Amino acid sequence: MSCSVYERVLGEELDRLPALLRAGFTGEAAIGVGDGVFASAGCTRRLLRPLLRVLARQRVLFPEFGTHVPFRIVNTPTADGGLHAVRTFRFPSGDRLLEDTLRVVDGHLHDVMGRRGGFEVRMLVAVEGERLLMRSERQWLHLGPLRLRLPRLAGVTVTESVVGGRRSIDVRLRSPLLGEWFHYAGQFDYAVGGPSGEATT
């Protein structure tokens, strides 16, 4: 049985998570699918929306904001041991997608964001109580063969837990001058299947 990216970073710490949450972070390579509704999702600062329209083309962020937003996440293991995710947010105006790949680099979890992997973030990961917490640390911009270290212009925090018998996620982006400007949070059902993608609960 191969280890997930989370197992390689956290090891036995994952055993402290509730079984419902732990099942999505451990085990052999298999496709996982989650469906639910976000209580709220998107950009809360109008002045940033022109920039996020550009980033939306690369599936990094998007400019819309809404409440009660249906969503789906599909996690697919990669051949090199990473975990590729596509998140679909279903707004009345149309779907928005976010895409990223998690990899383990020198014992740390790295999130490579966008359809072309143009933005990379090193994440600090920990189990606190019955929650999985992730917080951004170093950041890089990929320009062709170049990997450029960026100043910390924004930070992201991710909290995953169990709420009301369902998986719950809360993702927030903040900047020192703007405060929080992008987030999504809600509950969902998640199923892990075989390599074929036939998910089972």
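Only residues that are crowded, with 18+ Cβ neighbours inside 10 Å and among the hydrophobic types (A, V, I, L, M, F, W, C) were counted in the stretch 75-84, giving 1. T101 meets all of the listed conditions (1) closer than 25 Å to C3 by Cα; (2) open to solvent by 30 Å² or more (accessible area, probe 1.4 Å); (3) among the polar types (S, T, N, Q) but one, namely (2).
A single entry from R72, R87 fulfils the requirement of being touching a strand residue (DSSP E or B) at 6+ places or on another chain (Cβ under 6 Å), part of a strand (DSSP E or B) and surrounded by fewer than 18 Cβ atoms within 10 Å (Cβ to Cβ): R72. Counting residues in the stretch 181-199 that are over 21 Å from F71 (Cβ atoms), of a type in the set (A, V, I, L, M) and in contact with a Lys or Arg (Cβ under 9 Å, 6 or more places away or on another chain) gives zero. Restricting attention to the stretch 32-68, and to residues there that are farther than 25 Å from R116 by Cβ and among the aliphatic types (A, V, I, L, M), which single residue is farthest from the chain's Cα centre (by Cα)? Taking the candidates together, the pick is L47. Of everything in the stretch 107-129 that is over 12 Å from the mean Cα position of the chain (by Cα) and charged (D, E, K, R), the residue that is least open to solvent (accessible area, probe 1.4 Å) is E120. When the stretch 41-66 is filtered for residues that are basic (K, R), in a loop (DSSP other than H, G, I, E, B) and surrounded by fewer than 18 Cβ atoms within 10 Å (Cβ to Cβ), only R45 remains.
Taking the residues in the stretch 130-144 that are open to solvent by less than 20 Å² (accessible area, probe 1.4 Å) and under 24 Å from V54 (Cβ atoms) as candidates, determine which candidate is farthest from the chain's Cα centre (by Cα). Only one residue fits best here, namely Q139. Restricting attention to the stretch 1-40, the residues that are in a helix (DSSP H, G or I), open to solvent by less than 50 Å² (accessible area, probe 1.4 Å) and among the hydrophobic types (A, V, I, L, M, F, W, C) total 5.
The values are calculated or read from the model by the stated rules, or taken from the named source; none is laboratory data. Keep in mind that this is a model prediction, so the values were computed, not measured. Cβ: placed from backbone, ideal geometry, glycine included. Neighbour counts: every protein chain shown. Areas reflect the complete protein model, heavy atoms only, side chains present, ligands, DNA and RNA absent. Shrake-Rupley method; radii C 1.70, N 1.55, O 1.52, S 1.80 Å.
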